[in-house]
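Okay, so here's the structure we're looking at.
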Amino acid sequence: MTWSETSRLRPKASGTTVKVPGDGLLISIDGPAGSGKSTLATSLGKRLGLDVLDTGAMYRAAALLVIQHGIDATYTSTSDEKVSSLIRGCSIEVGGEVLLDGIDVTSAIRTQEVDMAVSGIAAIPDVRLELVARQRSWIDAHNGGVVEGRDIGTVVAPDADLKVFLVASDEVRIARRAAERGMPADSSLSGVVQGLIGRDRMDSARQVGALPDAVRMRTLEREDNVLIVDSTSAPAATVLDTVVAKMKEMRLIDAV
Ligand code: DC
C-alpha cells in the first residue's frame, strides 16, 4: 500500500489574511515532548486557516506497526532493514484521526508500549528517509501548512517561512505529559513519565534528524525566520500571540 493523506481544510479565520509567499505559507514547530507543540500547532492552524501535520503521530503509527509484527527493534539494529521495509509498505494517514493501513489507531499510538518503542524506530535512518519523504509530499499536497515534530525546521522543511522551536523545563514537560495521560499530578516520579526524559535524550542524540540541542539552538536563533519560545511559564494563548506577532513583524500575515 502507498502513502495517502487526509485533507484537513479549515476555513480561514475572519479578519486574517494569509499572504502566500512562493508555493504556500509553511510554519514548522519543533520541540521535545510536553513543550506545547500540538497545542500551538492546532491553535495556529485554526487561526490562520492552515492544515496541520503531527509528524510524531506518523512515527508512533510506524512503531505500532512494528510492535504488531512482533519485531523487537528497541535495542538492536539487526532488524532495521525488516522494520524499514515494513514501514515503506504501509499507509499512514494523519488527520483528525490516525489511520494505519486504514485502521483507526488514534488511541492505540498513545500507549506506554508505543512510547517506549518509538524513539528506537525513529532513529533508524531508512525509516526517517521514508517518513520525511511522506511529510514533504504532504506539504506539497497541502500547499504549506503547520507541521510539528523534531526535525521539521532543520531537515524536512529548512525553507519554512517561520521556524518555531519550543523549549520548556523538564518539570513542566513531565507534568503536562502526566496530565495528557490522565495521570495524577504527583505521577512525575513514575517510570512512565520519567521515561520521557530518556526518550528526549535519544531523540536529541541520534545521528539523523535530531532535535537541536542548546548549542545548535543558539546558532539557529541568529536566523531571521527562527523564533525560540520558552513555554515553561507561558500560557498557551501567550505562546500563540508571540508566534502571531512574529509573523506580523515578518509580514507573513496582515494585522488580525
Ligand atoms: O511528538 P511525539 O512525542 O508524539 O513524537 C513521538 C516520537 O517520534 C518521539 O520519540 C520523537 C519522534 N519524532 C521524530 O523523531 N521526528 C519527528 N519529526 C517527530 C517525532
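The values are calculated or read from the model by the stated rules, or taken from the named source; none is laboratory data. These figures come from a predicted structure and were not determined experimentally. Neighbour counts are summed over all protein chains in view; Cβ atoms, including those assigned to glycine, are modelled from backbone coordinates with ideal geometry.
What to note about this one:
- Within region 200-220, being more than 12 Å from the ligand (Cβ to nearest atom) and among the basic types (Lys, Arg) holds for 216, 218.
- Subset of region 236-255 [touching a residue at least 12 places away in the same chain (Cβ under 8 Å) and either in contact with a helix residue (DSSP H, G or I) (Cβ under 7 Å, 6 or more places away or on another chain) or among the basic types (Lys, Arg) (or both)]: 236, 239, 240, 243, 244, 246, 251, 253
- When every residue of region 55-77 is checked against the conditions, none turns out to be within 16 Å of the ligand (Cβ to nearest atom), part of a strand (DSSP E or B) and modelled with pLDDT of 90 or more.
- Of the listed requirements (1) under 21 Å from residue 28 (Cβ atoms); (2) touching a residue at least 40 places away in the same chain (Cβ under 8 Å); (3) surrounded by fewer than 18 Cβ atoms within 10 Å (Cβ to Cβ); (4) not polar (S, T, N, Q), residue 116 misses just one: (1).
- Residue check for residue 86: crowded, with 23+ Cβ neighbours inside 10 Å, aliphatic (A, V, I, L, M), outside any loop (DSSP other than H, G, I, E, B) and out of contact with any Asp or Glu (no Cβ under 9 Å at 6 or more places or on another chain): no
- Answer from 115, 104, 126 - the residue that is more than 16 Å from the ligand (Cβ to nearest atom) and not aliphatic (A, V, I, L, M): 104
- Residues in region 34-54 that are surrounded by fewer than 22 Cβ atoms within 10 Å (Cβ to Cβ) and outside any helix (DSSP H, G or I): 2 in all.
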